[in-house]
1. Residue 77 passes all but one of (1) within 18 Å of the chain's Cα centre (by Cα); (2) within 27 Å of residue 8 (Cα to Cα); (3) touching a residue at least 40 places away in the same chain (Cβ under 8 Å); (4) not in a strand (DSSP E or B); which number fails?
2. I'd like the residue in segment 33-56 that is touching a residue at least 40 places away in the same chain (Cβ under 8 Å), touching a strand residue (DSSP E or B) at 6+ places or on another chain (Cβ under 7 Å) and assigned to a loop (DSSP other than H, G, I, E, B) and, out of all such residues, is farthest from residue 148 (Cα to Cα).
3. Report whether or not residue 164 is under 22 Å from residue 61 (Cα atoms) and either in contact with a strand residue (DSSP E or B) (Cβ under 9 Å, 6 or more places away or on another chain) or at pLDDT 95 or above (or both).
4. When you check residue 21 against the structure, is it farther than 21 Å from residue 209 by Cα and loosely packed, with under 13 Cβ neighbours inside 10 Å, yes or no?
5. Test each condition in (1) in contact with a helix residue (DSSP H, G or I) (Cβ under 9 Å, 6 or more places away or on another chain); (2) under 18 Å from residue 192 (Cβ atoms) for residue 94 and report the one that comes out false.
6. What do you reckon, is residue 164 in contact with a helix residue (DSSP H, G or I) (Cβ under 9 Å, 6 or more places away or on another chain), under 30 Å from residue 119 (Cα atoms) and surrounded by fewer than 17 Cβ atoms within 10 Å (Cβ to Cβ)?
7. So for segment 59-72 (the condition being closer than 22 Å to residue 203 by Cα, within 14 Å of the chain's Cα centre (by Cα) and outside any helix (DSSP H, G or I)), does at least one residue qualify?
């Protein structure tokens, strides 16, 4: 297969799930009408991984199982950068903090200054890698997106306080999982939501991670198991 990897950016997305066992809700916001990627759609918070994310220390790393699955079918292990990128994007787009109280020792990159000012260090222990999807060819922007499930109880700030969010997403809200398809959603978001609904009551990482792989020749629906890549369905 001949995917042009130079045109695809690595990205991290956070699916925050609230009241998981009783009345599950997911955190979503609406992209702007003039956005180049998925305008007007309701999406989970997330975005492209920045170069500086790879050097951000974590107070606690990703679960080993999730890190192993993230490294499968990847030319290099970027699981750390994906985890820190997910935490940064959650903060930037919603103003919610995933981390632990602590002081930063070194110079803080510009993209992390407002997060660091909250007095927290990023912690990835609560993130569960649950889905991966590559944007199909022909779109104005393409991403290799990894989706992380997060129990809202792990958020250390007020989950209803979005006052520190940037303006990239509007109408931030906790949407009942049973009613989320009433919103204008991207196709891949609907696929991911079906996976989340099926495992809303399961607190552990999935046995294998779905991978919707689109390249210039074909689309494959694979499973990632944290082993050497075999591209087996």
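The values are calculated or read from the model by the stated rules, or taken from the named source; none is laboratory data. Please read all numbers here as calculations on a predicted model, not as lab measurements. Please note: Cβ atoms are built from the backbone with ideal geometry, for glycine as well, and neighbour counts cover all protein chains shown.
1. Going through the list (1) within 18 Å of the chain's Cα centre (by Cα); (2) within 27 Å of residue 8 (Cα to Cα); (3) touching a residue at least 40 places away in the same chain (Cβ under 8 Å); (4) not in a strand (DSSP E or B), residue 77 breaks only (3).
2. Of everything passing the filter in segment 33-56, 40 is farthest from residue 148 (Cα to Cα).
3. Answer is no for this residue.
4. yes
5. That leaves (1) as the condition not met.
6. Judged against the criteria, residue 164 is a match.
7. Scanning segment 59-72, I find at least one residue that is closer than 22 Å to residue 203 by Cα, within 14 Å of the chain's Cα centre (by Cα) and outside any helix (DSSP H, G or I), so the answer is yes.
Results for (1) over 17 Å from the mean Cα position of the chain (by Cα); (2) surrounded by 16 or more Cβ atoms within 10 Å (Cβ to Cβ); (3) closer than 30 Å to residue 102 by Cβ, shown as yes or no for each residue.
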position	(1), (2), (3)
118	yes, no, yes
130	no, yes, yes
133	no, yes, no
140	yes, no, no
148	no, yes, yes
198	yes, no, no
202	yes, no, no
210	no, yes, no
